[in-house]
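Step one of this worksheet: look at the structure below.
Just so it is clear, none of the values below were taken in a lab; they were calculated from the coordinates. Just so it is clear, the model here is predicted, and its values are computed rather than measured. Because the Cβ atoms are built from the backbone with ideal geometry, glycine has one as well, and the counts that use them run over all protein chains shown.
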């Protein structure tokens with residue numbers, strides 16, 4: 001049974017990623033119209049949704065007694081993220097091929113790079 005935990009707050013990181021997807025959509029709309037906006041939003045969504053899934057799944061266990069469960073949970077969350085990413089890429093390229101691949105892959109990469117801001121966005125405030 002999972003221990004009652006206080007999950008790290010990844011809300012700020014996910015909100016910044018979501019804002020990045022929205023901004024990419026606006027840039028795509030301004031530069032290439034509806035096709036560019038749709039391509040950018042799809043690319044950002046392919047990056048954002050697996051990251052949100054990972055954040056939701058990874059913090060199921062906490063504490064020294066659950067070390068093995070923590071490691072297994074991390075690997076399961078990462079495997080799920082990878083599978084979801086592959087499925088979303090497949091779905092997008094079969095169901096709704098991007099009309100502008102530059103905006104699609106640009107938004108995908110920029111949304112992934114938001115993780116570099118993770119240490120700054122997840123930092124807990126100092127009480128000293």
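Overview of results
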read-out: Exposure proxy ranking, count of Cβ atoms within 10 Å, fewest first, for 94, 70; value: 94, 70
read-out: In degrees, nearest ten, helix 101-113 long axis to first principal axis of the chain (Cα); value: 20 degrees
read-out: With Cα atoms, 0 to 90° folded angle of helix 11-58 axis to the chain main axis; value: 10 degrees
read-out: Exposure proxy order (Cβ contacts within 10 Å, fewest to most) of 76, 57; value: 76, 57
read-out: Residues 61, 108, 75 arranged by fewest to most Cβ contacts within 10 Å; value: 75, 61, 108
read-out: Listed residues 31, 107, 55, most fluctuating in the chain (Gaussian network, C-alpha, under 10 Å); value: 31
